[in-house]
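**Q** I'd like to ask you about the structure that follows.
The values are calculated or read from the model by the stated rules, or taken from the named source; none is laboratory data. Values in this document were obtained by computation on a predicted structure and should not be read as measured data. Neighbour counts are summed over all protein chains in view; Cβ atoms, including those assigned to glycine, are modelled from backbone coordinates with ideal geometry.
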Amino acid sequence: MSSDLLDKGYVPHEVEKRWYSFWEKERLFAASEAVAETNYSIVIPPPNVTGVLHMGHALNVTLQDILCRYRRLRGDNVLWMPGTDHAGIATQNVVEKKLAAEGKDRHQLGRDKFIEEVWRWRQEYGGAIINQLKRLGASCDWERERFTMDEGLSTAVRKVFVDLYHQGLIYRGNYIINWCPRCMTALADLEVEHEELDGNLWHVRYPFKEGGGGIIVATTRPETMLGDTAVAVHPDDERYQQLESEFVILPLMNRELPIIKDAYVDMSFGTGALKVTPAHDPNDFEIANRHNLERVKAIGDDGNMTAEAGRFEGLERYACRKAVVEALKTEGYLERVEPYKHGVGHCYRCKTVIEPNLSKQWFVRVKPLAEKAVEAVKNGHTTIVPSMWTNTYYDWMNNIRDWCISRQIWWGHQIPAWVCPDCEETIVAMDTPESCPKCGNNNLVQETDVLDTWFSSALWPFSTMGWPDETPLLKAYYPTSVLVTGFDILFFWVARMMMMGIQFMDDVPFKDVYVHALVRDEDGKKMSKSLGNVIDPLTIIEGYGTDAFRLTLAAFAAQGRDIKMSEKRVEGYQHFVNKLWNAARLSLMHLTDGYPDSEPNPQSLPDRWILSRTQAVTRTVADALDGYRFNEAAGTLYQFVWHEFCDWYLEAVKPALYGNQGEENQASTRKVLWRVLKDVLILLHPFVPFVTEEIWHKLPGTEGSIMKADFPTFRDDSFTDPEAEKEMELITGVITGIRNIRGEMNLSPSMALEVAAQSEAESTREIINRHQELVIHLARLKSLSIQSPGQRPKTAATAVVEDVTLFASLEGVIDFDKELQRLSKEIAKLDQELAGVSKKLGNENFLNKAPADIVEKVKEKHTGLVEKKQKLKANLDRIRQLEQ
RNA sequence: GGGCGGGUAGCUCAGUUGGGAGAGCACCGGCCUUACAAGCCGGGGGUCACAGGUUCAAGCCCUGUUCCGCCUACCA
């Protein structure tokens, strides 16, 4: 027995570093490629290669790691596939910024040199986030790490593009798309963030061709009028049935615009007349198609006005807005201006206001893919947890519009399409074509656009496993068991993986999708750089240790609720880790041997009880994790380890461990303690991997890593012991009753009390008698006498527990007023409870209609309360008498 | 405009077939009791947002109201 086995407090940093490299060195994260029933797989949501670890990653990765470590302990083959995402626009922006700092820009370099530059950047900085994930303890199979621009994944991207094209599911066309004038690229609808902004509604009069009056239209973007090619009214609008003219004149441009009739127009809005700008508004574009209108592109791709804008050519779009308004005012066309709130789209990468613009782009026809993806969830092939997200998923899938997948940037998968300069034939193929199959031209020109990054991430669950080759990995691990992700990329990523997985693997990419919450600051605000409320996970790790941090995340990961993170909370769980450490410290003082092969043979009540409880907790934890109820699993363990194992069990068995109850007791208790501590470590390991591994190696009788241990059994009931739990409940109740007297009567803990326990029930007396020593030890008694009700000690404080009345003899020290107060308070509490119960029992309907077992329970409760009250009342009366 | 989530102790939140209102932190009182003061023991504290309804019984189910948050949308 020596206390130098463990230091007095747990110091995480050195331990974390040591064990993580041990795990890597021993290849404990490596997945076997064998096909088995118990194969379990997760693909990591690949973080951006430009990213730095934030709270979202921390939560996401912690939950996955908990699942993976748990499944390994349960004996599964686990593959956790890691990697990063090439993040086209974001990465290109980062490298362009770096070039700018060197006074260069990508156009000087040229495409090939620029891409080389990006790869160089990735080589140097791209691993940062991976190392940060390791600090969290992530047990990914790092040897399989993938990158969306890897050769293998690029082949997959190419094949998918080519196949979809030949299936008619990819097409190219001139449409209105979302254009970011800063990134100079098209964006998908999803990549536009809408924000309500204060703006104006400008009412502008377009005079009739023949002069006079005219039609008043309203717009939030006056500069777009330069590209107007019509004015539309509703066909049924009586105000416009008999017009003076069929044409109006576009002010400032003096262009003649037809007045057209289209049912899209909302008669109730404004004047019921709509200016039509086909090249700069998606609705107007549709209207223009129906009426064969001209499309005038007045705003250029760089955000400046084109030659079509006449005298406004070259003006930046917002400068132009001002100028147009000014001109309208001076020329007398501006009827009025009203303040107006409206949604404005912003680029999700750079926050620049998006310009709807006419452009030639590549699209995926998603409807047919989406239908299958909806079916897969409806049929239960994939389950979304929590289920509230299922409807969101359906809604989005059902209203999906074609996906613009081409980007006018350089960093990404270049679209495998070539155009013949002579005959304009388009060739889409896996390999670079030598010549035009139609006219034989040898100088084919490849499409310069690259694909949306999400196009390649959509293939992640199978491209990372080697598809399109039929690899052992795919056989063993596709479909994956679960995808763990935040709801913010449900559409971006999850939905698209569903579509692509079903289309190309003929099976869903994952059986479950667990959608977790967002991590917010302690006021519930989203963490953002601009608000300055970002908490860096690495700072938390430095301050409190990875284990404390992980446990905090898990404990707060309740389904459907965001997590408010603050250091204060992590501190609480740091205390828990330390508590565990110290419990181990105590245990190890007494566990000089290991007992791996001997089944514990519990003799004492605490031993029987703790084994029974451990088994129950094991079951609860397993059920909770199987249902992705991380908070329940973590909370159960926290409660069990601290308040049952430490507070009751360890305190209860100290006498046995110290040998005060004979060698036999000491030996059997040691076996039980060894077993329970071992199981506790295993149960906790998925949540707090480092501290459990550290203790594991100090615990005699363990071999190798705790990662290879077996999850405690819970399928059978070998240790379930209801009798022990019942007895323990009585004993702890008695002890708490005595402690309560001590506390409320302000009696020093050092003062050993003499207590008499009286009960009419012989069985109760017998139980207490059997555990007399335990009560004396934990309640700090001088003596405990067990009696049938009879003479009452004269000056005693009283507590009633179940059918036991406790008398703590207080000769000379009793404070009668305080005791009266205490008893009255207790009786008042009972009266309140009694009122409720009596009311129920007085209700005929309750007695007749409620299930018999419920009625019985309430009756028992009533009897118990009445008896308890009687006893307390008797003591109250007695104290009153004594006082006189 | 549509949809979703939430309102439970001073704070942050659990509460999954409707039948005991709970945890952590904070607070009050007492303890250096031989693992841990990052600790131990005891204690106080809630009209479960509001109003109805279903039921013998509602924090939980239904309807309405209200406040907060989020997602989504092509009314200029």
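**Q** Can you go through A:T539, A:T614 and tell me which one is more than 11 Å from RNA strand B (Cβ to nearest atom) and buried (at least 21 other Cβ atoms within 10 Å of the Cβ)?
**A** Values: A:T539 fails: buried (at least 21 other Cβ atoms within 10 Å of the Cβ).
Just one listed residue meets the conditions, A:T614.
**Q** Name the residues in region A:422-436 that are touching a Cys at 6+ places or on another chain (Cβ under 9 Å) and of a type outside the set (D, E), would you?
**A** If the condition is that a residue be touching a Cys at 6+ places or on another chain (Cβ under 9 Å) and of a type outside the set (D, E), then A:C423, A:T426, A:I427, A:S435, A:C436 are the ones that fit.
**Q** Please tell me if A:D717 is among the charged types (D, E, K, R) and either modelled with pLDDT of 95 or more or more than 15 Å from A:V617 (Cβ to Cβ) (or both).
**A** Considered against the rule, which asks whether it is among the charged types (D, E, K, R) and either modelled with pLDDT of 95 or more or more than 15 Å from A:V617 (Cβ to Cβ) (or both), A:D717 comes out as no.
**Q** Hey, among the residues in region A:487-536 that are acidic (D, E) and more than 14 Å from RNA strand B (Cβ to nearest atom), which one's farthest from A:T453 (Cα to Cα)?
**A** A:D536
**Q** Just to confirm my filter: which helices (runs of 4 or more DSSP H) fall fully inside region A:1-109 and include at least 2 residues that are free of Cβ contacts under 8 Å to residues at least 40 places away in the same chain and not polar (S, T, N, Q)? Working first, answer last.
**A** Values: elements: A:12-25, A:55-73, A:88-101, A:106-109.
Of the helices (runs of 4 or more DSSP H) lying wholly inside region A:1-109, those with at least 2 residues that are free of Cβ contacts under 8 Å to residues at least 40 places away in the same chain and not polar (S, T, N, Q) span A:12-25, A:88-101, A:106-109.
**Q** A follow-up question, please. Would you mind finding the one in A:L774, A:L753 that is surrounded by 15 or more Cβ atoms within 10 Å (Cβ to Cβ), in contact (Cβ under 8 Å) with a residue 24 or more places away in the chain and within 13 Å of RNA strand B (Cβ to nearest atom)? Don't jump to the end; show me each part of the working.
**A** On the way: A:L774 fails: within 13 Å of RNA strand B (Cβ to nearest atom).
Going through A:L774, A:L753 in turn, the sole match is A:L753.
**Q** For A:G270, only one of the following conditions fails: (1) modelled with pLDDT of 90 or more; (2) within 16 Å of RNA strand B (Cβ to nearest atom); (3) of a type in the set (G, A, S). What is its number?
**A** Tallying (1) modelled with pLDDT of 90 or more; (2) within 16 Å of RNA strand B (Cβ to nearest atom); (3) of a type in the set (G, A, S), A:G270 fails exactly one: (1).
**Q** If you don't mind, another one. Write out, first by first residue and then by second, each pair whose Cβ atoms fall under 6 Å of each other, whose residues are 6+ apart or on separate chains, and whose first residue, in region A:261-289, is under 22 Å from A:S245 (Cβ atoms) and of a type in the set (D, E) while the second is within 10 Å of RNA strand B (Cβ to nearest atom) and assigned to a strand (DSSP E or B).
**A** A:D262/A:A232; A:D284/A:V276
**Q** Given the conditions (1) surrounded by 14 or more Cβ atoms within 10 Å (Cβ to Cβ); (2) without any contact (Cβ under 8 Å) to a residue 24 or more places away in the chain; (3) more than 15 Å from RNA strand B (Cβ to nearest atom), and given that A:E326 satisfies all but one, which numbered condition is not satisfied?
**A** It is condition (1) that A:E326 fails.
**Q** If you check A:I502, A:I427, A:I540, which single one turns out to be of a type outside the set (S, T, Y) and modelled with pLDDT of 95 or more?
**A** A:I502
**Q** Of the numbered conditions (1) modelled with pLDDT under 95; (2) within 10 Å of RNA strand B (Cβ to nearest atom), A:Y595 fails exactly one; give the number of that condition.
**A** (2)
Matching residues to (1) small (G, A, S); (2) under 23 Å from A:L872 (Cα atoms):
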{"site": "A:I731", "(1), (2)": "no, yes"}
{"site": "A:T736", "(1), (2)": "no, yes"}
{"site": "A:R742", "(1), (2)": "no, yes"}
{"site": "A:M751", "(1), (2)": "no, no"}
{"site": "A:E754", "(1), (2)": "no, yes"}
{"site": "A:S763", "(1), (2)": "yes, yes"}
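**Q** Right, A:L257: hydrophobic (A, V, I, L, M, F, W, C), within 13 Å of RNA strand B (Cβ to nearest atom), under 15 Å from A:T224 (Cα atoms) and over 44 Å from the mean Cα position of the chain (by Cα) or not?
**A** On the way: hydrophobic (A, V, I, L, M, F, W, C): yes; within 13 Å of RNA strand B (Cβ to nearest atom): no; under 15 Å from A:T224 (Cα atoms): yes; over 44 Å from the mean Cα position of the chain (by Cα): yes.
Here the answer is no, as A:L257 does not meet what is asked.
**Q** Can you name the condition, by its number, that A:V688 falls short on among (1) of a type outside the set (S, T, N, Q); (2) in contact with a helix residue (DSSP H, G or I) (Cβ under 6 Å, 6 or more places away or on another chain); (3) within 30 Å of A:E811 (Cβ to Cβ)?
**A** (3)
**Q** Name the single residue, out of those in region A:7-35 being in contact with a helix residue (DSSP H, G or I) (Cβ under 7 Å, 6 or more places away or on another chain) and more than 30 Å from A:K475 (Cβ to Cβ), that is nearest to RNA strand B (Cβ to nearest atom).
**A** Result: A:G9.
**Q** Further question on the same structure: Report the residue count in region A:422-436 for those that are in contact (Cβ under 8 Å) with a residue 12 or more places away in the chain and either of a type in the set (A, V, I, L, M, F, W, C) or not in a strand (DSSP E or B) (or both).
**A** The total comes to 10.
**Q** Any residue that is of a type in the set (A, V, I, L, M) and more than 15 Å from RNA strand B (Cβ to nearest atom) - is there at least one of those in region A:849-860?
**A** Looking through region A:849-860, none of the residues is of a type in the set (A, V, I, L, M) and more than 15 Å from RNA strand B (Cβ to nearest atom).
**Q** May I pose another question? Quickly run through region A:178-202 and pick out the residues that are of a type outside the set (S, T, N, Q) and under 12 Å from A:P356 (Cα atoms).
**A** A:W179, A:C180, A:P181, A:A186, A:L187, A:A188, A:D189, A:V192, listed by residue number.
**Q** If A:M430 satisfies every condition in (1) under 23 Å from A:F147 (Cα atoms); (2) out of contact with any Lys or Arg (no Cβ under 6 Å at 6 or more places or on another chain) but one, which is the exception?
**A** It is condition (2) that A:M430 fails.
**Q** So which pairs qualify, if the first residue must be in region A:832-860 and basic (K, R), the second must be within 9 Å of RNA strand B (Cβ to nearest atom), the Cβ gap must be under 8 Å, and the two must be at least 6 apart or on different chains?
**A** If the second residue must be within 9 Å of RNA strand B (Cβ to nearest atom), the pairs left are A:K840/A:F846; A:K840/A:V858.
**Q** Taking the options A:Y175, A:Y171, name whichever one is within 16 Å of RNA strand B (Cβ to nearest atom), surrounded by fewer than 21 Cβ atoms within 10 Å (Cβ to Cβ) and more than 28 Å from the chain's Cα centre (by Cα).
**A** Within the list A:Y175, A:Y171, the selection yields A:Y175.
**Q** Name the one entry in A:T448, A:T453, A:T426 that is touching an Asp or Glu at 6+ places or on another chain (Cβ under 8 Å) and of a type in the set (S, T, Y).
**A** Checking each option against the conditions leaves just A:T453.
**Q** Another question about this same structure. Identify the single condition in (1) part of a loop (DSSP other than H, G, I, E, B); (2) under 26 Å from the mean Cα position of the chain (by Cα) that A:N601 does not satisfy, given that it satisfies every other one.
**A** Here A:N601 meets the rest and fails (2).
**Q** Moving to a separate point now. Please verify whether region A:36-54 includes one or more residues that are of a type in the set (F, W, Y), surrounded by 23 or more Cβ atoms within 10 Å (Cβ to Cβ) and in contact with a helix residue (DSSP H, G or I) (Cβ under 8 Å, 6 or more places away or on another chain).
**A** no
**Q** While we're looking at this one, here's another question. Just to check your reading of the model, which residue among A:K159, A:K275 is more than 16 Å from RNA strand B (Cβ to nearest atom) and in contact with a Phe, Trp or Tyr (Cβ under 9 Å, 6 or more places away or on another chain)? Quick ask: steps written out before the conclusion?
**A** Values: A:K275 fails: more than 16 Å from RNA strand B (Cβ to nearest atom).
A:K159 is the lone residue from the list that is more than 16 Å from RNA strand B (Cβ to nearest atom) and in contact with a Phe, Trp or Tyr (Cβ under 9 Å, 6 or more places away or on another chain).
**Q** Can you spot a residue in region A:566-573 that is among the hydrophobic types (A, V, I, L, M, F, W, C) and either farther than 22 Å from A:C646 by Cβ or more than 11 Å from RNA strand B (Cβ to nearest atom) (or both)?
**A** Kept after step one, since they are among the hydrophobic types (A, V, I, L, M, F, W, C), are these residues of region A:566-573: A:570.
Subset that is either farther than 22 Å from A:C646 by Cβ or more than 11 Å from RNA strand B (Cβ to nearest atom) (or both): none.
No.
**Q** Could you list, in sequence order, all residues of region A:636-670 that are near RNA strand B (Cβ under 6 Å from one of its atoms) and either among the small types (G, A, S) or buried (at least 20 other Cβ atoms within 10 Å of the Cβ) (or both)?
**A** The one that is near RNA strand B (Cβ under 6 Å from one of its atoms) and either among the small types (G, A, S) or buried (at least 20 other Cβ atoms within 10 Å of the Cβ) (or both): A:L650.
**Q** Being under 30 Å from A:S748 (Cα atoms) and either in contact with a Phe, Trp or Tyr (Cβ under 7 Å, 6 or more places away or on another chain) or near RNA strand B (Cβ under 9 Å from one of its atoms) (or both) is the filter here, so list the residues in region A:823-845 that pass it.
**A** A:K825, A:E826, A:K829
**Q** Test of understanding: among A:T485, A:T552, which residue is buried (at least 22 other Cβ atoms within 10 Å of the Cβ), assigned to a helix (DSSP H, G or I), among the polar types (S, T, N, Q) and touching a helix residue (DSSP H, G or I) at 6+ places or on another chain (Cβ under 8 Å)?
**A** A:T552
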